[in-house]
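Q: Take a look at the following structure, please.
The values are calculated or read from the model by the stated rules, or taken from the named source; none is laboratory data. Remember, predicted model here, so these are calculated numbers, not experimental data. Ideal geometry is used to build each Cβ from the backbone, glycine not excepted, and the neighbour counts take in all protein chains shown.
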Amino acid sequence: MTQIVQALTEPDVEKIVSLATSGFGNTNTKKTYRSCLKDFIGWSGSRPFVPETIEDYRQYLIERGLTASTVNTRITAVRKLAEQALEHKLLDRRIAEDVIAVTGIRNSGVRSGNWLTREEANRLLTMPDTTKLRGLRDRALLSILLGAGLRRREAKELTVDKLALRDERWVILDINGKGNKVRTVPVPDWCYRNVRQWLRAADIETGNIFVPVMQEKLTGTSISEQTVYNIVSRYGNMIGKLIGPHDLRRTFAKLAYTGGARLDQIQFSLGHASIRTTEQYLGMEQDIVDAPCDYVGLRG
C-alpha cells in the first residue's frame, strides 16, 4: 500500500476514500472518484505517497491508452486523497502540497471517441429483432440515445411520466443531469414511436421505461448502466463498430450539427454547462482560412 495507508487498517483506508469523495453531491461522480482511488491504491503497492509516485501513475495511465480526460480525472482523485490525508494529519504538509501540485495531461481540445455516420446510425437502429420483446426494448433504447443524446445513466433512470407533449411535440421533461442541471429535451417523432411501441408491447404504463427482459418476460424494475453499455456494444459489433453509449451521444450532436442545428441548442439538449464541451463532442477545430470574421460584413 502507499505510505499514506501503510500504517492504516482497511477501515481507515475506506474512511479516507469516503472523505476524499464526500464533497461531490452527484452520486455517479462520487462513485467514479471512489473507483479511481481504489484503482490507484491497488496499483501503488508499496510505493511511497510522493509526487514521483503520482507522476509514475500518470505515465502508467497514459501507457494504458486512456484519454486525457480519464487520466486527469484519476489524477484529480489522487489529489483529493492528499488533501484529506493532510487535513487528518496522515501526511506531511510539504509532501501533501507537492502531490496536490502534480498536474494531469493536456487535452488537445478535440474529444476522442467515435461518431457514427447517418447511414451507420440508421443501420444500428435496424439491428434489434423487433419481433421479440427484447428487440423492441433495445431499439427503443438505441433510439433514445441517438435521438435525444441522453447519457446512459439518464436513459437508465428514464420514467414513463417524463414523456410529455409540449408545444405540440414530444419531449423528455426535467432530466436531472451532471451537476444536478435540469433540462427538457425534445425527441423526434420516430424516436417517440419506437419507445411507445416498446411500452405497449411490454404493457408498461408507469415507472422505468427500460427494464430487464428474459425469455420474453419482464424480470425487474430497471436495467443497469452496464446493461445499457452492453446493449450498445452488442449492436455496434453487428455493424462492425466498437462503440459505447457516449459515442451515440456524440453521434447525436454531430448529426444534429451537420444537419443544421444551432450549436447553442445542441448544448441545451446535451446539458453542457460550457459551449466548449459541446464543441469537443463535435470534434470541432478552429478554421483559420474560412474564419467567422470573414462573415461579419463590416467595411471599416
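Q: Can you pull out every residue in region 132-188 that is at pLDDT below 90 and either of a type in the set (S, T, Y) or outside the structural domain of L255 (by TED's automatic domain parsing) (or both)?
A: Result: T184, single match.
Q: Output the number of residues of region 200-224 satisfying the condition of being of a type in the set (A, V, I, L, M, F, W, C) and within 13 Å of E157 (Cβ to Cβ).
A: Taking region 200-224 and keeping what is of a type in the set (A, V, I, L, M, F, W, C), we get 201-202, 204, 209-211, 213-214, 218, 223.
Retained after the next criterion (residues that are within 13 Å of E157 (Cβ to Cβ)): 209-211, 223.
Summing the residues that are of a type in the set (A, V, I, L, M, F, W, C) and within 13 Å of E157 (Cβ to Cβ) in region 200-224 gives 4.
Q: Turning to a different aspect of this structure: Please go through region 251-300 and pick out each residue that is in a loop (DSSP other than H, G, I, E, B), at pLDDT 70 or above and of a type outside the set (A, V, I, L, M, F, W, C).
A: Matches in region 251-300: G259, G260, R262, G271, H272, S274.
Q: How many residues does region 147-162 hold that are in contact (Cβ under 8 Å) with a residue 40 or more places away in the chain and buried (at least 23 other Cβ atoms within 10 Å of the Cβ)?
A: Matching residues across region 147-162 total 6.
Q: Okay, moving on. Within region 61-97, take every residue that is within 20 Å of the chain's Cα centre (by Cα) and part of a loop (DSSP other than H, G, I, E, B) and give me the one that is surrounded by the fewest Cβ atoms within 10 Å (Cβ to Cβ).
A: Result: G65.
Q: Which condition from (1) within 14 Å of L158 (Cβ to Cβ); (2) touching a helix residue (DSSP H, G or I) at 6+ places or on another chain (Cβ under 6 Å) is the one that T227 breaks?
A: If we test T227 against (1) within 14 Å of L158 (Cβ to Cβ); (2) touching a helix residue (DSSP H, G or I) at 6+ places or on another chain (Cβ under 6 Å), just (2) comes out false.
Q: Taking the stated definitions as given, is T258 within 21 Å of T159 (Cβ to Cβ) and surrounded by fewer than 19 Cβ atoms within 10 Å (Cβ to Cβ)?
A: Answer is no for this residue.
Q: Just the residues that are among the β-branched types (V, I, T) and within 20 Å of the chain's Cα centre (by Cα), please, taken from region 172-208.
A: Pass one, region 172-208, residues among the β-branched types (V, I, T): 172, 175, 182, 184-185, 187, 195, 204, 206.
Hits for region 172-208 are I172, I175, V182, T184, V185, V187.
Q: Filter region 184-223 for residues that are over 15 Å from L136 (Cβ atoms) and of a type in the set (A, V, I, L, M, F, W, C) and give the result.
A: Within region 184-223, V185, V187 meet the criteria.
Q: Here is a list of conditions, (1) in contact with an Asp or Glu (Cβ under 9 Å, 6 or more places away or on another chain); (2) farther than 23 Å from E119 by Cα, and V171 meets all of them except one; can you say which number that is?
A: (1)
Q: Do you know which residues across region 31-49 are in a loop (DSSP other than H, G, I, E, B) and free of Cβ contacts under 8 Å to residues at least 12 places away in the same chain?
A: none
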